[in-house]
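Note sheet for the following structure.
The values are calculated or read from the model by the stated rules, or taken from the named source; none is laboratory data. Note that the structure is a prediction, hence the values are computed from the model and not measured. Cβ placement follows ideal geometry from the backbone for every residue including glycine, while neighbour counts extend to all protein chains displayed. Quick note on the areas: whole protein, heavy atoms, side chains included, nothing else; ligands and nucleic acids left out. Shrake-Rupley method; radii C 1.70, N 1.55, O 1.52, S 1.80 Å.
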Amino acid sequence: MRCLLHLNWPMYDKSLRGWLLLTQVPRLRAQQRRALLAKRPIQTLCEQTHHELAAVGLTAEQCQAIIQPNEAVINCSLEWAEQENCHLIGFDHPAYPALLREIARPPLVLYVQGDPAALAKPQLAMVGSRHATQSGLTTAYQFAKQLAEHGLVITSGLALGIDGRAHKGAMDGYGQTLAVLGSGLDRIYPARHRDLASRIVEQGALVSEFWPDAPPRAEHFPRRNRLISGLSAGVLVVEAAPQSGSLITARYALEQNRGVFAIPGSIDQVQSRGCHQLIKQGATLTDCVDDILNEVDSLVQFAVSQQSELFSDALKLDTDQGLPFPTLLANVGSNATCVDVLAERCNQPVHEIMMQLLDLELQGLVAAVPGGYVRTRRG
């Protein structure tokens with residue numbers, strides 16, 4: 001499959017270059033990004049002057065990063081995406097996962113190796129100890145296999161222990177799995193899971209927000225954890241010691257309004273204490289897959305309604321091109337979306353989005369409902 005930037009609206013290459021540029025801007029806050037994109041579309045971001053950039057609150061260092069970006073790094077990423085099975089998904093692309101757009105500080109670009117359609121499918125994250133017990137490994141495998149058989153994509157972090165067994169269980173259940181990395185996709189970590197990573201590319205996808213050759217660093221893994229939970233309808237913790245990375249993922253899940261599930265274990269095992277702690281704090285005590293399926297149904301339905309058919313045919317990415325305001329229409333689904341969110345997704349000022357929505361509403365393509373706008377059957 002060719003890079004996603006070849007399968008969408010014209011000039012997306014320039015749009016993607018703009019998002020790659022923004023990822024280089026140090027300490028860029030969400031409100032700064034919104035202010036930037038309210039004045040200029042992402043495609044012309046680098047054409048602004050130092051004065052224009054400073055006027056929206058950027059520091060001298062941030063202005064410099066936009067005016068003189070690291071073109072070598074940007075070109076390297078674009079060239080990486082020309083390889084077979086390698087894809088770049090910018091924040092404004094319809095293929096960008098709907099649930100991930102809703103979190104705080106979503107990544108502006110996703111690097112994907114494998115099947116990008118897997119990102120649009122309902123996902124359940126599974127995380128746990130790198131030093132899992134044999135019982136924990138068996139439980140992780142069995143739960144992942146059963147959940148995959150129920151149609152959920154299993155998302156985890158490729159780590160040793162629970163993560164690896166969850167990936168294997170999903171694939172043995174003839175399902176798909178996503179591995180979110182704390183490194184670039186050309187730097188598989190841990191190295192012991194290179195063969196597993198290759199198998200995941202064939203039966204799912206590897207995902208990262210880091211440049212392809214970025215090394216694994218300690219500060220990358222909390223960022224990876226927020227993506228694992230952000231992509232998913234819920235997070236299942238199989239085994240976790242207190243103050244482990246798995247509990248960080250669970251905390252992100254709570255902040256993102258995702259379901260949190262924990263499998264209890266022996267009171268004598270340190271690997272069970274994190275799960276017991278989560279259960280005391282309100283996580284769903286889980287001893288069968290039905291405990292999960294019943295809870296995550298609403299978020300799963302949201303993911304399905306937003307993107308389930310997005311990749312059934314690559315040309316569907318352009319199905320709105322014959323209609324007015326195709327970019328806006330691509331971001332209006334069957335769930336109500338507010339005008340501010342649509343403006344951010346389309347990189348246009350709110351007043352312009354309002355005028356476009358009025359036009360679309362008069363044509364019967366969208367409808368105003370409590371909480372925003374939805375797509376009509378005609379649209």
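Summing +1 for each Lys or Arg and -1 for each Asp or Glu among the other residues whose beta-carbon sits under 9 angstrom from that of V341 gives -1.
Size descriptors for the stretch 67-146 (Cα atoms only): Rg and Dmax, in that order, 17.3, 55 Å.
Each Lys or Arg adds one and each Asp or Glu subtracts one; over the other residues with Cβ under 13 Å from the Cβ of R40, this totals +1. Basic side chains Lys and Arg get +1 at the Cβ, acidic Asp and Glu get -1 at the Cβ, and with that the dipole of the stretch 144-202 about its Cα centre reaches some 160 debye. If you take the Cα atoms of the stretch 187-286, find Rg, then find the Kirkwood Rh from the mean of 1/r over all pairs, what is Rg/Rh? Rg divided by Rh gives 1.01.
Each principal axis of the Cα cloud of the stretch 123-204 was evaluated for its coordinate range; sorted largest first, these ranges are 31, 27, 18 Å.
Scan the chain and hand back the longest stretch that contains none of the trypsin sites (Lys or Arg not before Pro) lying in DSSP loops with at most 14 other Cβ atoms within 10 Å.
Details: sites that count: R2, R27, R29, R217, R377, R378.
Between the exposed loop sites, the longest stretch runs 30-216.
Size descriptors for the chain: radius of gyration and Dmax over Cα atoms are 20.9, 65 Å.
In loop segments of the stretch 183-242 as defined by DSSP, the GluC sites (Glu not before Pro) with at most 12 further C-beta atoms inside 10 Å of their C-beta are E219. For the chain, a Gaussian network of Cα nodes joined below 10 Å ranks I162, I267, I42 by mean-square fluctuation, and the top entry is I267. For the chain, relative contact order (Cα pairs under 8 Å, six or more residues apart, normalised by length) works out to 15 percent. Restricting the calculation to Cα atoms, the stretch 28-80 yields a radius of gyration followed by a Dmax of 11.6, 35 Å. Solvent-accessible surface of protein heavy atoms, probed at 1.4 angstrom with all chains present, puts D290, D115 in the order D290, D115, largest first. Only Cα pairs under 8 Å and at least 6 apart count here; give the relative contact order of the stretch 37-151 as a rounded whole percent. Normalised by residue count, the contact order of the stretch 37-151 is 16 percent.
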